[in-house]
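To keep things clear, I will list the structure first and then write my remarks on it.
The values are calculated or read from the model by the stated rules, or taken from the named source; none is laboratory data. Bear in mind that the values here come from a model prediction, so they are computed numbers and not experimental data. Cβ placement follows ideal geometry from the backbone for every residue including glycine, while neighbour counts extend to all protein chains displayed. Remember, those area values only see protein heavy atoms, side chains included, never the ligands or the DNA or RNA. Shrake-Rupley method; radii C 1.70, N 1.55, O 1.52, S 1.80 Å.
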Amino acid sequence: MKKRICLLGLLLASLLSSFSDAHAQAVTVAVASNLKPAFEEIYRGFRQAQPQSKSVRIVYGSSGNLASQMKQGAPYDLFISADESYPLKLVEAGLTRDRGVVYAAGHLALITNSAAGFVLSSDPERMKALLRVSKKIAIANPDLAPYGRASVQYLQAIKLWGELQEKLIYAENISIAAVYVSTGAVKVGITALSLAKSPELSSTIQYIALPNDFYAPILQRMVLKRDPAPTAIALYDYLQSAVARQILVNNGYSIPR
């Protein structure tokens with residue numbers, strides 16, 4: 001009898017331990033790489049505002065890759081995309097709680113390596129001349145990254161797409177495109193304004209914002225998976241708060257009305 005009670009006690013303890021371990025697992029959030037500087041600041045504020053929330057595992061990458069991983073079963077509780085198309089495809093596939101929300105609009109910037117000696121100007125002809133003399137130009141892969149698609153649209157709008165295609169270096173995501181220029185591997189690139197404004201790049205690059213009417217609006221949507229963890233819901237709500245929105249604005253985004 002005592003042995004049976006001991007065995008039942010051990011079994012119960014094992015089950016409780018497994019239950020505890022499962023619930024101790026971190027919530028996973030997939031974040032488009034353009035958002036990294038702003039999101040890190042927002043997440044710090046979230047942790048201070050809600051210290052009781054579980055820790056969050058953050059995965060950065062191109063929106064296309066993150067959406068593909070989610071379709072293949074990646075356990076992302078919250079997907080914070082750089083556009084609308086990838087989240088809405090997940091909605092159509094029945095993988096999300098609802099259609100989510102557009103949390104910000106992004107913008108493009110032309111960047112150059114500070115040591116390259118280029119002088120940036122908002123004059124359209126001087127900007128085109130700079131792109132023409134550049135040996136290589138870094139942009140994000142337009143097949144995976146919304147900012148890459150917007151970069152292509154910009155080059156098409158200024159009628160340099162055909163002329164510059166062979167000079168383009170495609171990075172897996174927009175952050176890597178910025179790193180190419182920051183390290184000097186490539187002297188010129190097109191990236192997210194939010195990344196161009198980041199303190200990490202301020203000593204190695206120069207930037208100028210590109211005209212918004214030269215590319216389609218970069219509306220960034222986020223969606224929760226079906227049956228998301230409470231911490232993911234809390235973070236989703238926090239990203240729509242006045243505090244988070246001000247951080248986004250400070251980092252080069254605008255908030256759609």
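Might you check whether a residue that is aromatic (Phe, Trp, Tyr), open to solvent by less than 10 Å² (accessible area, probe 1.4 Å) and closer than 16 Å to residue 188 by Cα occurs anywhere in the range 143-151? Spell out the reasoning first.
The first filter runs over the range 143-151 and keeps only residues aromatic (Phe, Trp, Tyr), leaving 147.
Then keep just the ones that are open to solvent by less than 10 Å² (accessible area, probe 1.4 Å); that gives 147.
Checking the rest, the ones that are also closer than 16 Å to residue 188 by Cα come to 147.
For the range 143-151, residues aromatic (Phe, Trp, Tyr), open to solvent by less than 10 Å² (accessible area, probe 1.4 Å) and closer than 16 Å to residue 188 by Cα: present.
Under the condition of being part of a loop (DSSP other than H, G, I, E, B) and not polar (S, T, N, Q), which residue from the range 156-181 is most open to solvent (accessible area, probe 1.4 Å)? Break it down into steps so the answer makes sense when it comes.
Within the range 156-181, the subset part of a loop (DSSP other than H, G, I, E, B) is 158-160, 172-173.
Keeping just the survivors that are not polar (S, T, N, Q) gives 158-160, 172.
Numbers: 158: 15, 159: 167, 160: 0, 172: 99 Å².
Once the filter is applied, the top-ranked residue is 159.
Only one of 121, 114 is farther than 23 Å from residue 248 by Cβ, open to solvent by 40 Å² or more (accessible area, probe 1.4 Å) and touching a residue at least 60 places away in the same chain (Cβ under 8 Å). Can you tell me which? Lay out the reasoning, then the answer.
Numbers: 121 fails: open to solvent by 40 Å² or more (accessible area, probe 1.4 Å).
It is 114.
Quick one: how many residues across the range 89-100 are open to solvent by less than 40 Å² (accessible area, probe 1.4 Å) and either over 15 Å from residue 77 (Cα atoms) or touching a Ser or Thr at 6+ places or on another chain (Cβ under 8 Å) (or both)? Before you say what the answer is, go through the steps one by one.
To start, the set of residues in the range 89-100 that are open to solvent by less than 40 Å² (accessible area, probe 1.4 Å) comprises 90-91, 94, 96, 100.
Still in the list and also either over 15 Å from residue 77 (Cα atoms) or touching a Ser or Thr at 6+ places or on another chain (Cβ under 8 Å) (or both): 90.
Final tally of qualifying residues: 1.
Could you check how many residues of the range 222-257 are under 19 Å from residue 74 (Cβ atoms) and either open to solvent by less than 30 Å² (accessible area, probe 1.4 Å) or assigned to a loop (DSSP other than H, G, I, E, B) (or both)? Show your work before the answer.
Taking the range 222-257 as the starting set, the residues that turn out to be under 19 Å from residue 74 (Cβ atoms) are 222-229, 231-233, 235-236.
Still in the list and also either open to solvent by less than 30 Å² (accessible area, probe 1.4 Å) or assigned to a loop (DSSP other than H, G, I, E, B) (or both): 222-224, 226-229, 231-232, 235-236.
Within the range 222-257, residues that are under 19 Å from residue 74 (Cβ atoms) and either open to solvent by less than 30 Å² (accessible area, probe 1.4 Å) or assigned to a loop (DSSP other than H, G, I, E, B) (or both) number 11.
With a requirement of 2 or more residues that are modelled with pLDDT under 95 and of a type in the set (Gly, Ala, Ser), the helices (runs of 4 or more DSSP H) lying completely within the range 1-99 that satisfy it span 2-24.
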